[in-house]
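One structure is given below, encoded as structure tokens.
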Amino acid sequence: TAGLHGRRTYILDFFMNIIPTSIPDLVLIEPRVFDDRRGYFLETFSQENYAKCGINLPFVQDNESCSELGAIRGLHFQAPPFEQGKLVRVIKGAVLDVAVDIRVGSPTYGQHVAVELNARNKRIFWVPPGFAHGFQTLEQDTVFVYKCTGYYNKASEGGLMWNDQDLQVQWLPVDEPIISDKDQILSSFKDF
């Protein structure tokens, strides 16, 4: 097996592969899917298994959204002491999921990782506290679900512009992305 931040995947017990990313602490999780003629089964969360790979925070809230094709949500975060870690996945459709390191002093500050999550690959993305997070839907009526390590706190919510030039996120081309009014007036990375 390789360490959490190694370059190769490794199997954690029997139920999942852990795939490190270019930013330490951001981890892609590939659950083992058991298929048969009835359909499939997979384990999406096990506190014991997640703790073995360093994800050992309590999860206190689950959220779900359904989005139109071409919607972009984010890049959102909550400021300390109300920051949130998120364990994100797609149960219908597909997204380009993006996490930006906003941890001041981090060697990867301002860098991001983008991964595709979809109902077919069933991958799960761990976005720890200290990251801005967002996604772009790649299919109509995409259902996105995530577990949070902290409760939503309106007073501490913040965000970065999805198309900030300094972040250089390579969103997939869309004629007219669907952006909420709130997300169209988020902060630039320079002002953050």
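How much mean residue ellipticity at 222 nm does the chain get from its helices, if each DSSP H run of length 4 or more adds -39500 (n - 2.57) and you divide by all residues, to the nearest 500 deg cm²/dmol? Each step should come with its number before you reach the end.
Details: 1 runs with 6 residues, N = 192.
Result for the chain, helices only: -500 deg cm²/dmol.
Quick one: with all protein chains in place, what share of the accessible area of the range 82-136 is carbon or sulfur, to the nearest percent (1.4 Å probe)? With neighbouring chains kept in place, the figure for the range 82-136 is 53 percent. Partners of Lys190 within straight-line reach, counting aspartates and glutamates whose Cα lies under 12 Å from its Cα and excluding those fewer than 8 residues away in the same chain: Asp164, Asp166. Figure note: Arg103, Arg37, Arg32 ranked by solvent-accessible area, largest first, 1.4 Å probe, ligands and nucleic acids not counted: Arg37, Arg32, Arg103. Just going by the charge dipole of the chain, with Lys and Arg at +1 and Asp and Glu at -1 on Cβ, which of Phe34, Ser156, Ser106 is farthest out on the positive end? So the residue we want is Phe34.
Taking every protein chain into account, the accessible area of the range 41-100 amounts to 46 square angstrom per residue (probe 1.4 Å).
Compactness of the range 75-118 is given as radius of gyration and Dmax, 12.4, 37 Å, from Cα positions.
Taking only protein heavy atoms and a 1.4 Å probe, what accessible area per residue, in Å², does the range 117-184 have with all protein chains in place? Numbers along the way, then the final one.
Values: 3420 Å² over 68 residues.
With all protein chains present, the range 117-184 gives 50 Å² per residue.
The values are calculated or read from the model by the stated rules, or taken from the named source; none is laboratory data. Owing to the predicted nature of the structure, the values given are computational and were not obtained by experimental measurement. Here Cβ is always computed from backbone atoms with ideal geometry, including for glycine, and neighbour counts include all displayed protein chains. With ligands, DNA and RNA removed, areas are computed over all heavy atoms of the protein, side chains included. Shrake-Rupley method; radii C 1.70, N 1.55, O 1.52, S 1.80 Å.
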